[in-house]
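Step one of this worksheet: look at the structure below.
No lab work stands behind these numbers, since they all come straight from the coordinates. Note that the structure is predicted; figures quoted are calculated from it, not measured. A quick note on method: Cβ atoms are made from the backbone with ideal geometry, for glycine too, and the neighbour counts reach across all protein chains shown.
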Amino acid sequence: MPLLSFQNVGIRFGSRKVIDHFSAEIEEGEFIGIFGPNGVGKSTLMRAILGLCPIYEGSIQLFGENPGKQNRFIGYLPQSQSLLGTTTLTARALVAAVHHGEKWGVPWLSSKDSYQVERALELSEAKDYADTPFSLLSGGEKKRVMLAQALIDEPKLLILDEPLASLDPKNQMLLVQRIRNIQEETGLTILFIAHDVNPLLGAMSRVMYMAEGNVALGSAQEIITNESLSALYGMNIHVLRAEGRVFIVNAESNVDETTCSHV
Amino acid sequence: MMHYLSYDFVQNALIAGSIAAALGAVVGYFVIIRNIGFAAHALAHIGFTGATGAILFGLSPLQGMLVMSSLAGATMGISGNRFHRSELAIGMVLSISLGLGTLFLSLYQGFAGEATAILFGNIFGVSHAQVIETIFLSALSLFLLALFSRRLLFTSIQPDLAESRGLSLTFLSTAFMIILAISVALVSQVVGTLLVFTLLIGPAGIATRLSHSFWRTILLSLCIGIVSVWSGIFLACLTNQPPSFWITSILFVLYIFTELKIKLFESV
Ligand SMILES: Nc1ncnc2c1ncn2[C@@H]1O[C@H](COP(=O)(O)OP(=O)(O)OP(=O)(O)O)[C@@H](O)[C@H]1O
Ligand SMILES: [Mg+2]
């Protein structure tokens, strides 16, 4: 049984179709990189997996059940930082607050809970600044703390919505490497949304490309090619390879800035 | 100084003051991490209208305030984040309710003295019955808050993640806004609706500047709140100046020292 399966999934906001007839199966232990322009529905699809966004047609099954039923096995790093940005709590307190945060009562931690908080901070390599107030941390350090929050309740599926945003290239590589190592240690399945394929090239088992209404899922060799990306976007896309890096460019004369930079 | 303790009104003031300060200190902490200071401020002033309009319905000012600010708090909570973080929406509701408050005041000439007490607080005027009312409502609020404080903390810092774990953001924010409304009404009795910020934001705000872990901050906030109310009441006995003045002054001085301490020790 696949860990996650999509059957003919359609998602709409009003009359606008964001996802249309999407079917796919994702196996345990995979690392899926998800790419596509702004507003294409990447975050929406993740929210649908969590049961936070209603599905118009088709079905999503996680561990063989409908969305929302098995969320305690999902670690989620949302795209927005929400209120985290303004808080004066330390990284450690923020991770602790998330640990079994859905329980009734006061946020009191047993020694076993504290141990798990330390373990999550270790896994995401955020221990060095665990006692610094969150608002004083750098963007990259904040992402590590949010990763620890996603890891704290020992998830089986990790959904990371643009964890690389606002990181420099070196830290992008380091964070991907760390997540890859965590996956090796724990056997997690990972859905990883990003805009640049390069930092993820060595880590992904498969690539998912989304374009208006269409989704393509396959190995990096299959998907990141002139033919499949051109077919997906319905325009002439060139994949250039140089010095081990991939550059995806729109080959048509009237280059659309936004499409080009986010493909 | 101890002989002040034998007066009934001083005893009542100390009891009601400590309880309101404790409630304000704990609830205020959540106001700060949820970043809804303006909504708290608005609830206090909306409560003022409730207090002045209470007579129309044969209620006490405290009861009027409780009804009015709980209603407003619940509305803010139910309408969700977009409303109670929207300065325009809160500002508009605040204006109309203060406008109504003015109307109520003009309808009841001779009520001005009591209005001053509501605005600036009159802790020495707290009766035995009010003390009982304060104890009961505070215990209820703190109990409810304790019941879902873990969930509230979670939704306050990571709403998306909390929602994915099955927590209802609307339910929690509504429940919290009602507790906030009750706290605002009780704190108003001590320092008045104009100075609710003093006990609701002051102690918790200073505590979050000094400490960055949940329990230590709450504890520090409690200490600051209670110590400043007690000192304020004793200074008022000694000097004959209003306790509200002393409580706000003490907190202000504490605040200045806190900022100085942070400047001196963290910029080197
Ligand atoms: N609750 C909602 N109501 C109406 N429309 C919505 C809602 N949520 C998302 N949308 C719309 O659905 C589309 C997909 O949004 P989504 O956030 O999933 O995009 P995304 O692929 O994650 O983009 P980005 O790269 O910018 O994060 C957008 O056009 C957005 O405006
Ligand atoms: Mg997104």
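Checking A:Gly29, A:Gly14, A:Gly41, A:Gly51 one by one, the residue that is away from ligand 2 (no atom under 16 Å from the Cβ), in contact with a strand residue (DSSP E or B) (Cβ under 7 Å, 6 or more places away or on another chain) and of a type outside the set (Phe, Trp, Tyr) is A:Gly29 and no other. Inside region B:125-136, residues that are surrounded by fewer than 16 Cβ atoms within 10 Å (Cβ to Cβ) and touching a residue at least 40 places away in the same chain (Cβ under 8 Å) make up a count of 4. Among the residues of region A:129-144, the ones that are closer than 18 Å to A:Phe192 by Cβ and either within 16 Å of ligand 2 (Cβ to nearest atom) or within 12 Å of chain B (Cβ to nearest Cβ) (or both) come to 1 in all. Given the structure, is A:Gly39 more than 20 Å from B:Asp160 (Cα to Cα) and surrounded by fewer than 20 Cβ atoms within 10 Å (Cβ to Cβ)? So A:Gly39 fails the test. For first residues located in region B:166-183 and without any contact (Cβ under 8 Å) to a residue 24 or more places away in the chain, partners that are in a loop (DSSP other than H, G, I, E, B) and lie 6+ apart or on another chain with Cβ distances below 8 Å form the pairs B:Gly166/A:Gly68; B:Gly166/A:Glu102; B:Leu167/A:Gly101; B:Leu167/A:Glu102. Could you pull out the residue among A:Arg119, A:Arg92 that is within 12 Å of chain B (Cβ to nearest Cβ) and among the charged types (D, E, K, R)? The unique qualifying residue is A:Arg92. Residues in region B:190-197: is at least one touching a residue at least 60 places away in the same chain (Cβ under 8 Å), closer than 30 Å to B:Lys261 by Cβ and within 14 Å of chain A (Cβ to nearest Cβ)? The answer is no, given that none of the residues of region B:190-197 is touching a residue at least 60 places away in the same chain (Cβ under 8 Å), closer than 30 Å to B:Lys261 by Cβ and within 14 Å of chain A (Cβ to nearest Cβ). Quick check on region A:31-60: of everything there that is near ligand 1 (Cβ under 8 Å from one of its atoms) and polar (S, T, N, Q), which residue is nearest to A:Ile193 (Cα to Cα)? Looking at residues that are near ligand 1 (Cβ under 8 Å from one of its atoms) and polar (S, T, N, Q), I get A:Ser43. Number of residues in region A:158-192 that are within 14 Å of ligand 1 (Cβ to nearest atom), within 14 Å of another protein chain (Cβ to nearest Cβ) and of a type in the set (A, V, I, L, M): the value is 3. Only one of the numbered conditions (1) of a type in the set (S, T, N, Q); (2) away from chain A (no Cβ under 14 Å); (3) in contact (Cβ under 8 Å) with a residue 24 or more places away in the chain is not met by B:Thr217, and that is (2).
Of everything in region B:225-244 that is surrounded by fewer than 24 Cβ atoms within 10 Å (Cβ to Cβ) and among the β-branched types (Val, Ile, Thr), the residue that is farthest from B:Ala21 (Cα to Cα) is B:Thr239. Between B:Leu251, B:Leu222, B:Leu264, B:Leu210, the distinction of being without any contact (Cβ under 8 Å) to a residue 24 or more places away in the chain and either under 17 Å from B:Gly17 (Cβ atoms) or surrounded by fewer than 20 Cβ atoms within 10 Å (Cβ to Cβ) (or both) belongs to B:Leu264 only. Take the conditions within 16 Å of ligand 1 (Cβ to nearest atom) and among the polar types (S, T, N, Q) and apply them to A:Ser135. Does it pass? Here the answer is no, as A:Ser135 does not meet what is asked. Quick check: anything in region A:131-138 buried (at least 19 other Cβ atoms within 10 Å of the Cβ) and touching a Lys or Arg at 6+ places or on another chain (Cβ under 8 Å)? Among the residues of region A:131-138, at least one is buried (at least 19 other Cβ atoms within 10 Å of the Cβ) and touching a Lys or Arg at 6+ places or on another chain (Cβ under 8 Å), which makes the answer yes.
Answer with yes or no whether B:Ser156 is over 17 Å from the mean Cα position of the chain (by Cα), in contact (Cβ under 8 Å) with a residue 12 or more places away in the chain and more than 30 Å from A:Asp153 (Cβ to Cβ). It is false that B:Ser156 is over 17 Å from the mean Cα position of the chain (by Cα), in contact (Cβ under 8 Å) with a residue 12 or more places away in the chain and more than 30 Å from A:Asp153 (Cβ to Cβ). If you go through region B:110-124 and keep only what is assigned to a helix (DSSP H, G or I) and loosely packed, with under 12 Cβ neighbours inside 10 Å, you end up with B:Ala112, B:Gly113.
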